1. I need the full set of residues from region 474-489 which are surrounded by fewer than 24 Cβ atoms within 10 Å (Cβ to Cβ) and either among the small types (Gly, Ala, Ser) or not assigned by TED's automatic domain parsing to the domain that holds SER350 (or both), in order please.
2. Hey, among the residues in region 389-405 that are over 30 Å from the mean Cα position of the chain (by Cα) and surrounded by fewer than 16 Cβ atoms within 10 Å (Cβ to Cβ), which one's nearest to ILE478 (Cα to Cα)?
3. Would you please name the residue that is surrounded by the fewest Cβ atoms within 10 Å (Cβ to Cβ), looking only at residues in region 47-60 that are touching a residue at least 60 places away in the same chain (Cβ under 8 Å) and outside any loop (DSSP other than H, G, I, E, B)?
4. Buried (at least 22 other Cβ atoms within 10 Å of the Cβ) and touching a Pro at 6+ places or on another chain (Cβ under 8 Å): which single residue out of LEU290, LEU336 fits that description?
5. Restricting to region 1-27, count the residues that are in a helix (DSSP H, G or I) and either of a type in the set (Lys, Arg) or touching a Phe, Trp or Tyr at 6+ places or on another chain (Cβ under 8 Å) (or both).
6. Condition test on GLU358, is it closer than 30 Å to ARG40 by Cα, assigned by TED's automatic domain parsing to the domain that holds VAL262, acidic (Asp, Glu) and surrounded by fewer than 18 Cβ atoms within 10 Å (Cβ to Cβ)?
7. Just one of ASN267, ASN249 is of a type outside the set (D, E, K, R), surrounded by fewer than 22 Cβ atoms within 10 Å (Cβ to Cβ), in the same structural domain as GLY494 (by TED's automatic domain parsing) and more than 17 Å from PHE341 (Cβ to Cβ); which is it?
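The values are calculated or read from the model by the stated rules, or taken from the named source; none is laboratory data. Because the structure is a prediction, the values reported are computed rather than measured. All Cβ positions, even for glycine, are placed from backbone atoms using ideal geometry, and neighbour counts span all protein chains on display.
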Amino acid sequence: MERFYTQLKSTLSKSSVRKVYIIGKGPSVYEVDTSQLLSRDSVVINLNDSEKILPGDFAILHRAWAYQSVRECGFKAACYISDIPITSATYIPAKYYPSTYDSFENVVNLLLKEELFVSDFLFLSALKLSMIISNLFKTAIKVYFLGFDFVELPQSKNSEVSSVSIELESTEHSLLLDDLKFKNSFLKRQEAYFLYLKKMIKDIAPGIEMIHVGMKSYSTCTPQDFNTSGDSVSYLDVPSNFNTKQYSNLCEKVESGHVAVVAEFTNNHIGDKNRLREMIKLAVAAGADLIKVQKRDVETFYTQRELRQPYASPFGKTLGDYRRGVEMDEEMFELLIIECFKYKIPWFVSVLDYPSFEFIRQFDVPLIKIPSTISEHRNFIKNFSSSYANDVVVSTGFTNANYEKFILDTFASEYRRLWLLQCASSYPAPLEACQIAVVRHYAKMQATLNLSLYPGYSSHDVGSIVSMMAVAAGAKMIEKHVKLGDLDWVHFDGVAVDLRQGEFQKFISDIRKAEIICGDEIKTIHSVEHHKYKPNDMHN
């Protein structure tokens, strides 16, 4: 237990805790303003893979499907508590107690154990962790249960069951293979334990108050009431170093073999705040590691003649109308920072000119991209390099080996990372233009040069096969354009994958499969291997 408390204190690193938010996956959780959960005196606990909604301080796992889902997401919570060994993230082992209790008293006895545990009813484990935190900080704590709807599964067609089952905290992906009556019985029993403990908690743990957020008769408040009961996170609440810290954590994962997947927004947010919020939320839920946007100074990047050119969009009839309409201003960047802080995901930006670079320097930017579209702007690139010492991403679309030499001469250093991405500036890019062998070439340079060079691929092709091959060739970063539905008047919309339709989630899943298929370069014998003839003495 001493080791556990040391890890617990290290993960929390807070001066006080007065609220704990336990996140399930019932439908009501999607009505909650999750920015409310990020105050400095609160702890967020994920159950199963609810970190896809909001990565927390702790995540409690037991089922194999949840471990796999979180693994594909990229282990975004700060610390994991599980009976399954986890080597890719901060991990606290816990003993598993099966749900064989036949009385309420046995559940109480489980909570009164000194040790932290994992149970089939994960909310019990989260409640025990809340009790430990209350004792640690010697203070009363309000424990909010979000997404605990205890909704019975309908006995209907499989497609209808599937759409409901994935939202429930207590269900697993193998649900449709199991008996619905058993699962609904499990839900009823879980709800009964919850109600009993809600009534008895003051006797068990006087410092704990259980608050159910939902639409049940016993709910303390509705999601709407919860949303208006406190202040949302403001731009000033975001720590100045949050982006650098999240990016550094990601780089550590990349060093261990993880491929960083970038959700490239370009201008698909179309200058709409709600649209930007939704894109970030869906990109995180799909498993993205980084969010990337663009910044250009419209009035100086284009000539007046170009700005007057006809261009049909909801913002007007000229290219200037369109570009001014979709450009991100300071307020939009502050919103980006708030939302990325909320979901604990780092962000970066493509800068297309020096005024945009000067603008973006006011924010926490550990990483900036030089896109293919400005590869001929050599003076700007040189000035940028001399003024910016942090990490850089460079796409090499519509360039040749001469540009590669220029970029290496300008940026390559042992003191900062250079993410060098093979790219074909064609929308969409045909297969013969993808030239994944260039990624292999970058990977070889990484191995031979004393530089912090990281190969990657910026995908303008259709589907995921080329990006999977890029991973096999040594890519450490994969960029993919994303969108919300079809907007033909938005540049590059045709090569973007849809966030709402699950296309980006499928793309990331394929990238993770490619990681698994590639494996380690050191040849080993796998446990699944068999069928080897032993030499017999007659032939020796």
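1. GLY474, GLY485
2. PHE398
3. Filtering region 47-60 for residues touching a residue at least 60 places away in the same chain (Cβ under 8 Å) gives 47-48, 50, 52-55, 58, 60.
The next check asks that each one be outside any loop (DSSP other than H, G, I, E, B); those that pass are 47, 50, 52, 58, 60.
Numbers: LEU47: 27, SER50: 28, LYS52: 23, PHE58: 26, ILE60: 29.
Across region 47-60, the extreme among qualifying residues is LYS52.
4. Details: LEU336 fails: touching a Pro at 6+ places or on another chain (Cβ under 8 Å).
That would be LEU290, the only listed residue that is buried (at least 22 other Cβ atoms within 10 Å of the Cβ) and touching a Pro at 6+ places or on another chain (Cβ under 8 Å).
5. 3
6. no
7. Sole residue among the options that is of a type outside the set (D, E, K, R), surrounded by fewer than 22 Cβ atoms within 10 Å (Cβ to Cβ), in the same structural domain as GLY494 (by TED's automatic domain parsing) and more than 17 Å from PHE341 (Cβ to Cβ): ASN267.
Matching residues to (1) in contact with a strand residue (DSSP E or B) (Cβ under 8 Å, 6 or more places away or on another chain); (2) within 28 Å of ASN268 (Cα to Cα); (3) among the polar types (S, T, N, Q):
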| position | (1), (2), (3) |
| --- | --- |
| LYS405 | no, no, no |
| ASP409 | no, no, no |
| ALA433 | no, yes, no |
| TYR442 | yes, no, no |
| GLY456 | yes, yes, no |
| HIS481 | yes, yes, no |
| PHE492 | yes, yes, no |
| VAL497 | yes, yes, no |
